[in-house]
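The next block holds one structure in the form of structure tokens; read it before the comments.
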Amino acid sequence: MDYLGASLSSGSDYDAIYISTYSLKKYFDSVFAIAADVILNPAFQEAELNRIKEQRINSLLSMSDDGDYISENIFRSEVYKGSPYSLQSEGSKISVPNITTDLAREYYTRYFRPDNLIIAMVGDISPEEAILKINTELNFKNIEKTLYPEIKSPENISGSRVYLYDKKGAVQSSIKVGHQGIKRNNPDYITLSVMNTLLGGNFSSRINKNLREDKGYTYGSRSSFNCQRFSGDFSVSTEVKNEVTADTIKEIIKEIKLLRKEEAGKNELKSVKNYLTGIFPLQLETPNAVAQKVLSLKLNDLPSDYYNKFIKEINDVTPEEIHEAADKYLHPDDMIISVAGNVNEIKDMMKQFGELSVVEEQ
């Protein structure tokens, strides 16, 4: 791949495994043949797997003292309780050592099949050329129908609950506050994107202005709707000094309740729309970025013209729709509050938010 001036990479998230290539057109045949060989003929060598496992465990150990990483894992385990999404996608210090080449082969045989494959090609290639290349190079030995496991939904959250992880001697708290959200193909996704950007999704958002500029509690805070194929979550994240941990959470909840109570101002909403429509073209600057958008359409069962209408639908969102979405999808009284910090200093002040538990790192 280096000799051809090309790249080949792979990765995974909660919903898919990805293999990506990038090359000049004149080398495409050779590059695609290599990619097909990677897909069809994985070696699963013991020594290589052991090396990767050792790297992963070392990486997990290096992150085990990172407050933001810890609070995120505890939040995920609770907000998605009962669902596979509750697990860490990168594995854990317990799970990674148990992975064997036999398990890898079994997984490969079960899921690497033609009916479970989505391919996106972006560049100077016709549909006919693409189909011919796929049919020529990707000859799967296993063509049985893929059987998918049942994906259980997370348990419902009723009432707010607080989870603390003790970082002895820590002078600041890493906070993650939120609840269950939506699937990626929810019809209200674009309205929620606008709403979230206004609330905490960019630097000039309400929550960041409150916590950073008005109160001086933090260098930055952010809210997001993390939307996946089968489930999702809403969360607000920040890091603050121990003594303002509870006050910070109060302000976050206050901003959420305010958005549910009052309609957004037209000028404020216009600024948010300008931001979202302005950054959208930047997300399509490279062929790989376009390919990723196409894969997302198919993976999440979205209509093929989804992105053609994206900017228009953002501009069509009204203050009334923002208010309705906030009332429907934000639940300030049913929150998971996860904090990694100095438990001795923050425990008493955190009891006001709900049932409290001190937990071990996930």
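Details
- Taking the chain as a Gaussian network of alpha-carbon nodes connected by springs under 10 Å, the highest mean-square fluctuation of the residues ASP348, ASP66, ASP124 belongs to ASP124.
- Taking the longest Cα principal axis of the chain as reference, the axis of helix 67-79 is set at about 90 degrees.
- Paramagnetic reach from LYS351 (point 7 Å along Cα→Cβ, amide N under 20 Å) across the range 223-264: 242-250
- Counting only Cα atoms, the range 130-196 measures 60, 36, 25 Å along its principal axes, largest extent leading.
- Seen against the Cα atoms of the chain and their longest principal axis, helix 266-279 is set at about 30 degrees.
- Pairs of Cα atoms in the range 191-275 fall into 10 Å distance bins, from 0 up to the last occupied one, in shares of 17, 50, 28, 5 percent.
- Of the GluC sites (Glu not before Pro) found in the range 88-179, the ones in coil according to DSSP and having at most 16 other Cβ atoms within 10 Å of their Cβ are GLU90, GLU144, GLU150, GLU155.
- Listed cross-link partners LYS167/LYS270; LYS261/LYS351; LYS81/LYS133; LYS152/LYS209; LYS293/LYS351 are compared with a 32 Å cut-off, the Cα-Cα value being larger for LYS167/LYS270; LYS81/LYS133; LYS152/LYS209; LYS293/LYS351.
- Mean projected area in nm² (Cα convex hull; one quarter of hull surface) for the range 7-137: 10.3 nm²
- Mean projected area of the convex hull spanned by the Cα atoms of the range 161-358, taken over all viewing directions: 11.9 nm².
- Paired Rg and Dmax values of the range 1-52, which use every Cα atom, in angstrom: 12.8, 37
- Within the chain, percent of DSSP bridges classed antiparallel, to nearest 5: 70 percent
- Average projected area [Cα convex hull, the chain], square nanometres: 20.2 nm²
- Structural size metrics of the range 298-362, computed from C-alpha coordinates, are Rg and Dmax of 20.1, 54 Å.
- The loop-placed chymotrypsin sites (Phe, Trp or Tyr not before Pro) in the range 100-154, going by DSSP, that have at most 15 neighbouring Cβ atoms within 10 Å of their Cβ come out as PHE140.
- Rule-of-thumb Rg ratio for the range 226-331 [Cα; 2.2 N^0.38 Å; N residues]: 1.33
- The angle between the Cα long axis of helix 287-299 and the main principal axis of the chain comes to about 80°, on a 0 to 90 degree scale.
We did not get these values from a lab; they are worked out from the coordinates using the rules stated. Treat the numbers as computed from the prediction; the structure is a model and nothing was measured. Virtual Cβ from ideal backbone geometry, glycine too; neighbours counted across all protein chains shown.
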